[in-house]
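A.B. asks: Okay, here's the structure, questions in a sec.
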Amino acid sequence: MSVLVFIDHNQGSFKKNAFEAINYGAQTAAKLGGTVTALVLGAANEADLAALGKYGAQQVLHVNDARLNHFNTKAYAKAVVAAVNQTGAQVLVCSANNNGKALAPYVAAQLKAGLVAGAVDYPQTDNGFTVKKSVFSGKAFAYVTVNADKKVITLTPNTFAPSEQGGAAAVNALSVDFSDADFGVKFVSENVVKGEVPLSEAERVVSGGRGMKGPENWGILEDLAKAMDATLACSRPVADAHWRPHHEHVGQTGGTIRPNLYVAVGISGAIQHLAGVNSSKTIVVINKDAEAPFFKAADYGVVGDAFEVVPKLTEAVKKAKGL
Amino acid sequence: MKILVCIAKAPDTTAKISFTDNDTKFNEAGVTFIINPYDEMYALVRAIELKEAGLANEIHLVSVGGADTDAVIRKALALGGDSAFRIDAATNDPYTIGAQIADLVQKNGYDLVLTGKESIDYNNGAVGAVIAGILGYNYIGNASKLELSGAEATVSREIEGGEETLAVGLPLVVACQKGMAEPRIPNMRGIMAARTKPLTVVPAVDASALSSVTRYEMPPAKQGVKLFTVDQMDDLVAALINDAKVL
Ligand SMILES: Cc1cc2nc3c(=O)[nH]c(=O)nc-3n(C[C@H](O)[C@H](O)[C@H](O)COP(=O)(O)OP(=O)(O)OC[C@H]3O[C@@H](n4cnc5c(N)ncnc54)[C@H](O)[C@@H]3O)c2cc1C
Ligand SMILES: Nc1ncnc2c1ncn2[C@@H]1O[C@H](COP(=O)(O)O)[C@@H](O)[C@H]1O
């Protein structure tokens, strides 16, 4: 079985999630005894495309069409379907980032492929084709068996470590027969926080709750985040009260994140909050109430006043990192 | 302008999650079911706001599920919406669900289909895109804003580290998340009105499942929290660096 990996990128710059996806595709192809092809849509530079081989891509297909420089589910899906047909791939892999989450089920429906959204492990292929994914907002796992000939898998970010293994890949152009109707989505503007690792990709996150008392107190969390090289998040009441912007809100109705380290400060640990963060590898809780439910979900904890604990923790981090 | 809002039934956010039948079935005993929060708070409420603003004439709700879904549909009708359909199929395969709804969309001709960003039980975030994929409609996932003017929508969606704004032609499927609408709760009048709003049961169309859950598993229990006092911050940092290896 051959594998096609959809590679997301931002104006030609490839991020970790792209390497994770190639690596997953390469390992899956090796297991299934097939080849792995990476698909890149829109402008990207030739050397960067060939370098995807380092992470395991044997071939890179490139659709160099300026209309694809902005993501658009329908047009992207057409290109992916064309690439699946050309390569004869039976498995499509992509990152479960914002673009991948929109694209994968759209393509799956068009190919009548079975979908596993948010895989946390490699496929088990001894008896059918089964992939483990997280369900019930991180409270359980499900083993999803694909009953269709074609399979589409999206990968939970920050789950599969990319490793460098190969050399340069051959880059081949793919031309797709688009029509105007494929481009019904027009880019208007974007608003991106500059110079900060996005929450969904962050390996470390410092998060504040109502225990922080007010937006004027976020300075100590910013200092801690800076020392740890972490991204800021918050609980829902904090975003609802406009202490912090909505994109920082994590939990059941906010973002779902899976960093290596999640530091929760002045957050009680309501089940709806945990739903968004409980897959974090290590959780540190700072709360003045020893009975706060978050301690049950934590690996490390400090019972104490945030306004005293956080600056001391920041100092300790700086000292250890020689900052 | 006719809007279809897709409503999934979901276990209450505080429900205890457990499984029966050798970990092959979700244990519904003692579980209260609610409207999937994204569908209620973002998709449905935004549809109601658009109708109140005079930008939509009619809101229909649809849920794919068995008779035990009716109570949740009535709850949704209490918030708003003119009538509802329940498509009679019990499945959790996103293709089967999406194919049912796509068929209804084709029959009734909706200009706009709204879903939640994901269901809180299966967390696929798939059904909206499946509907759009089957019909060849435009699709915007993880949307945080939606404005309408004539046959065009202006939609903002989450991208890594921020959001982007797009102009999109109708018909269109949008999956809704935070930012989309102002929170609201049903009032007495809405609850009374919901009882008499039409809820039509529609037979399922043929669309076999392309995936199935063969087994569930609980995550390994946490080891228990290791506590540090405020004077042991160096030790905590050492643990994060040397034991957890996350700093
Ligand atoms: C359908 C639904 C969806 C929801 N979705 C979300 C969601 O996505 N995300 C989310 O976060 N919530 C969500 N909630 C809300 C959730 O139930 C909680 O109300 C919320 O998480 C509480 O936020 P908090 O922990 O910041 O505040 P609180 O619960 O008020 O907790 C504040 C904590 O700070 C501690 N504290 C106070 N002062 C200090 C101090 N000086 N130093 C240290 N600690 C201090 C207190 O001991 C307390 O534990 C949802 C609720 C529902 C019903
Ligand atoms: N059984 C269902 N009936 C109607 N709509 C559904 C159903 N399941 C999912 N949806 C819609 O699709 C969205 C995404 O669900 P999912 O793909 O299961 O994560 C939900 O937020 C609902 O709006």
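The values are calculated or read from the model by the stated rules, or taken from the named source; none is laboratory data. All values derive from a computational prediction rather than experimental measurement. Cβ: placed from backbone, ideal geometry, glycine included. Neighbour counts: every protein chain shown.
A.B. asks: Report, by residue number, each residue of segment B:213-239 that is buried (at least 16 other Cβ atoms within 10 Å of the Cβ) and more than 30 Å from A:Asp299 (Cα to Cα).
C.D. replies: If the condition is that a residue be buried (at least 16 other Cβ atoms within 10 Å of the Cβ) and more than 30 Å from A:Asp299 (Cα to Cα), then B:Val213 is the only one that fits.
A.B. asks: Here is a further query. What do you reckon, is A:Lys186 modelled with pLDDT under 95, surrounded by fewer than 19 Cβ atoms within 10 Å (Cβ to Cβ) and of a type in the set (D, E, K, R)? Step through it out loud before you land on a result.
C.D. replies: Numbers: modelled with pLDDT under 95: no; surrounded by fewer than 19 Cβ atoms within 10 Å (Cβ to Cβ): yes; of a type in the set (D, E, K, R): yes.
Answer is no for this residue.
A.B. asks: Can you tell me how many residues in segment B:7-38 are small (Gly, Ala, Ser), over 26 Å from B:Glu182 (Cβ atoms) and crowded, with 20+ Cβ neighbours inside 10 Å? Before the answer, list the steps.
C.D. replies: Taking segment B:7-38 first, the residues small (Gly, Ala, Ser) are B:8, B:10, B:15, B:18, B:29-30.
From what is left, the residues that are over 26 Å from B:Glu182 (Cβ atoms) are B:15, B:18, B:29-30.
In the following step, the residues that additionally are crowded, with 20+ Cβ neighbours inside 10 Å were identified as B:15.
Within segment B:7-38, residues that are small (Gly, Ala, Ser), over 26 Å from B:Glu182 (Cβ atoms) and crowded, with 20+ Cβ neighbours inside 10 Å number 1.
A.B. asks: I need the full set of residues from segment A:234-261 which are among the small types (Gly, Ala, Ser), within 16 Å of ligand 2 (Cβ to nearest atom) and free of Cβ contacts under 8 Å to residues at least 24 places away in the same chain, in order please.
C.D. replies: A:Gly254
A.B. asks: Quick check: anything in segment A:209-227 surrounded by 20 or more Cβ atoms within 10 Å (Cβ to Cβ), away from ligand 2 (no atom under 16 Å from the Cβ) and under 18 Å from the mean Cα position of the chain (by Cα)?
C.D. replies: No, every residue in segment A:209-227 fails to be surrounded by 20 or more Cβ atoms within 10 Å (Cβ to Cβ), away from ligand 2 (no atom under 16 Å from the Cβ) and under 18 Å from the mean Cα position of the chain (by Cα).
A.B. asks: Being within 12 Å of chain A (Cβ to nearest Cβ), touching a strand residue (DSSP E or B) at 6+ places or on another chain (Cβ under 9 Å) and under 23 Å from B:Ile140 (Cβ atoms) narrows it down to one of B:Ile48, B:Ile59, B:Ile7, B:Ile101, so name that one.
C.D. replies: On the way: B:Ile48 fails: within 12 Å of chain A (Cβ to nearest Cβ); B:Ile59 fails: within 12 Å of chain A (Cβ to nearest Cβ); B:Ile7 fails: within 12 Å of chain A (Cβ to nearest Cβ).
Step by step, each of B:Ile48, B:Ile59, B:Ile7, B:Ile101 is checked, and only B:Ile101 is within 12 Å of chain A (Cβ to nearest Cβ), touching a strand residue (DSSP E or B) at 6+ places or on another chain (Cβ under 9 Å) and under 23 Å from B:Ile140 (Cβ atoms).
A.B. asks: What are the residues in segment A:84-103 that are crowded, with 24+ Cβ neighbours inside 10 Å and free of Cβ contacts under 8 Å to residues at least 60 places away in the same chain, if any?
C.D. replies: Those that are crowded, with 24+ Cβ neighbours inside 10 Å and free of Cβ contacts under 8 Å to residues at least 60 places away in the same chain: A:Lys101, A:Ala102.
A.B. asks: Within the bounds of segment A:274-288, is there any residue that is surrounded by fewer than 22 Cβ atoms within 10 Å (Cβ to Cβ), within 8 Å of chain B (Cβ to nearest Cβ) and of a type in the set (Val, Ile, Thr)?
C.D. replies: Checked segment A:274-288: at least one residue is surrounded by fewer than 22 Cβ atoms within 10 Å (Cβ to Cβ), within 8 Å of chain B (Cβ to nearest Cβ) and of a type in the set (Val, Ile, Thr).
Condition check ((1) surrounded by fewer than 21 Cβ atoms within 10 Å (Cβ to Cβ); (2) more than 15 Å from A:Thr159 (Cβ to Cβ)) across all residues:
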position	(1), (2)
A:Gln110	yes, yes
A:Val120	yes, no
A:Asn127	yes, yes
A:Ala142	no, yes
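A.B. asks: I would also like to ask the following. Among (1) over 25 Å from B:Pro219 (Cβ atoms); (2) crowded, with 18+ Cβ neighbours inside 10 Å, which single condition is A:Lys319 missing?
C.D. replies: (2)
A.B. asks: Which residue pairs have Cβ atoms under 6 Å apart, sit 6 or more places apart or on different chains, and have a first residue in segment B:52-63 that is over 14 Å from B:Tyr110 (Cβ atoms) and a second that is part of a loop (DSSP other than H, G, I, E, B)?
C.D. replies: Correct list of pairs: B:Ser63/B:Ile7.
A.B. asks: Which of (1) within 24 Å of B:Gly141 (Cα to Cα); (2) touching a Pro at 6+ places or on another chain (Cβ under 6 Å); (3) away from ligand 1 (no atom under 16 Å from the Cβ) does B:Gly65 not meet, given it meets every other one?
C.D. replies: Evaluating B:Gly65 over (1) within 24 Å of B:Gly141 (Cα to Cα); (2) touching a Pro at 6+ places or on another chain (Cβ under 6 Å); (3) away from ligand 1 (no atom under 16 Å from the Cβ) leaves (2) as the failure.
A.B. asks: Does segment B:184-204 contain at least one residue that is facing chain A (nearest Cβ under 7 Å) and surrounded by fewer than 21 Cβ atoms within 10 Å (Cβ to Cβ)? First the steps, then the outcome.
C.D. replies: At the first step, the residues of segment B:184-204 found to be facing chain A (nearest Cβ under 7 Å) are none.
No: segment B:184-204 contains no residue that is facing chain A (nearest Cβ under 7 Å) and surrounded by fewer than 21 Cβ atoms within 10 Å (Cβ to Cβ).
A.B. asks: Return only the number of the condition from (1) farther than 26 Å from A:Gly118 by Cβ; (2) near ligand 1 (Cβ under 9 Å from one of its atoms); (3) crowded, with 21+ Cβ neighbours inside 10 Å; (4) facing chain B (nearest Cβ under 9 Å) that A:Gly266 does not satisfy.
C.D. replies: Evaluating A:Gly266 over (1) farther than 26 Å from A:Gly118 by Cβ; (2) near ligand 1 (Cβ under 9 Å from one of its atoms); (3) crowded, with 21+ Cβ neighbours inside 10 Å; (4) facing chain B (nearest Cβ under 9 Å) leaves (4) as the failure.
A.B. asks: Right, another one. Please state which one of A:Thr231, A:Thr314, A:Thr256, A:Thr282 is polar (S, T, N, Q) and at pLDDT below 95. Please lay out each step first, then the result.
C.D. replies: On the way: A:Thr231 fails: at pLDDT below 95; A:Thr314 fails: at pLDDT below 95; A:Thr282 fails: at pLDDT below 95.
None of the other options fit; the residue is A:Thr256.
A.B. asks: Confirm whether A:Val205 is more than 16 Å from ligand 2 (Cβ to nearest atom), within 12 Å of another protein chain (Cβ to nearest Cβ) and of a type outside the set (D, E, K, R). So that I can check it myself, show each step before the final result.
C.D. replies: On the way: more than 16 Å from ligand 2 (Cβ to nearest atom): yes; within 12 Å of another protein chain (Cβ to nearest Cβ): yes; of a type outside the set (D, E, K, R): yes.
Spelling it out, A:Val205 is indeed more than 16 Å from ligand 2 (Cβ to nearest atom), within 12 Å of another protein chain (Cβ to nearest Cβ) and of a type outside the set (D, E, K, R).
A.B. asks: Kindly provide the set of residues from segment B:86-132 that are out of contact with any Leu (no Cβ under 9 Å at 6 or more places or on another chain), more than 7 Å from ligand 2 (Cβ to nearest atom) and of a type in the set (Gly, Ala, Ser), ordered by number.
C.D. replies: Those that are out of contact with any Leu (no Cβ under 9 Å at 6 or more places or on another chain), more than 7 Å from ligand 2 (Cβ to nearest atom) and of a type in the set (Gly, Ala, Ser): B:Ala89, B:Ala90, B:Gly98, B:Ala99, B:Gly109.
A.B. asks: When you look at A:Arg236, is it more than 8 Å from ligand 1 (Cβ to nearest atom) and surrounded by 19 or more Cβ atoms within 10 Å (Cβ to Cβ), yes or no?
C.D. replies: Values: more than 8 Å from ligand 1 (Cβ to nearest atom): no; surrounded by 19 or more Cβ atoms within 10 Å (Cβ to Cβ): yes.
It is false that A:Arg236 is more than 8 Å from ligand 1 (Cβ to nearest atom) and surrounded by 19 or more Cβ atoms within 10 Å (Cβ to Cβ).
A.B. asks: Filter segment A:84-105 down to the residues that are within 17 Å of the chain's Cα centre (by Cα) and more than 19 Å from A:Val146 (Cβ to Cβ) and list them by number. Please lay out each step first, then the result.
C.D. replies: Of all residues in segment A:84-105, those within 17 Å of the chain's Cα centre (by Cα) come to A:92-105.
The answer is A:Asn97, A:Asn98, A:Asn99, A:Ala102.
A.B. asks: Further, regarding this structure: Take the residues in segment A:289-303 that are within 24 Å of A:Asp229 (Cβ to Cβ) and of a type in the set (Gly, Ala, Ser); name whichever of them is surrounded by the fewest Cβ atoms within 10 Å (Cβ to Cβ). Walk me through how you get there before you give the answer.
C.D. replies: First, pick out the residues of segment A:289-303 that are within 24 Å of A:Asp229 (Cβ to Cβ): A:294, A:297-302.
Imposing the further condition that a residue be of a type in the set (Gly, Ala, Ser) reduces the set to A:297-298, A:301.
Numbers: A:Ala297: 20, A:Ala298: 25, A:Gly301: 23.
Only one residue tops the list, namely A:Ala297.
A.B. asks: Criterion first (within 9 Å of chain B (Cβ to nearest Cβ), out of contact with any helix residue (DSSP H, G or I) (no Cβ under 8 Å at 6 or more places or on another chain) and within 16 Å of ligand 2 (Cβ to nearest atom)) does A:Ala298 satisfy it? Can you show your working first?
C.D. replies: On the way: within 9 Å of chain B (Cβ to nearest Cβ): yes; out of contact with any helix residue (DSSP H, G or I) (no Cβ under 8 Å at 6 or more places or on another chain): yes; within 16 Å of ligand 2 (Cβ to nearest atom): no.
Criteria not met by A:Ala298.
A.B. asks: (1) modelled with pLDDT under 95; (2) away from ligand 1 (no atom under 16 Å from the Cβ); (3) in contact with a Gly (Cβ under 8 Å, 6 or more places away or on another chain): which one isn't true of B:Thr115, the others all being true?
C.D. replies: It fails just one condition, (1).
A.B. asks: Go through segment B:120-169 and give me each residue that's in a helix (DSSP H, G or I) and more than 7 Å from every other protein chain (Cβ to nearest Cβ).
C.D. replies: If we filter segment B:120-169 for residues that are in a helix (DSSP H, G or I), which is where we start, we get B:127-135.
Residues satisfying the conditions are B:Val127, B:Gly128, B:Ile131, B:Leu135.
A.B. asks: Taking segment B:199-247 only, how many residues are in a loop (DSSP other than H, G, I, E, B) and either on the phi < 0 side of the Ramachandran plot or in contact (Cβ under 8 Å) with a residue 24 or more places away in the chain (or both)? Outline the logic, then answer.
C.D. replies: The initial filter retains those residues of segment B:199-247 that are in a loop (DSSP other than H, G, I, E, B), namely B:204-210, B:218-225, B:229, B:244-247.
Now restrict to residues that are either on the phi < 0 side of the Ramachandran plot or in contact (Cβ under 8 Å) with a residue 24 or more places away in the chain (or both): B:204-210, B:218-223, B:225, B:229, B:244, B:246-247.
Residues that pass the stated criteria total 18.
A.B. asks: Sticking with this one: Among the numbered conditions (1) assigned to a helix (DSSP H, G or I); (2) out of contact with any Gly (no Cβ under 6 Å at 6 or more places or on another chain); (3) touching a residue at least 12 places away in the same chain (Cβ under 8 Å), tell me where B:Lys107 comes up short.
C.D. replies: (3)
A.B. asks: Taking B:Ala71 and the conditions (1) touching a residue at least 12 places away in the same chain (Cβ under 8 Å); (2) closer than 27 Å to B:Leu210 by Cα, which numbered condition does it fall short on, given that it satisfies the others?
C.D. replies: (2)
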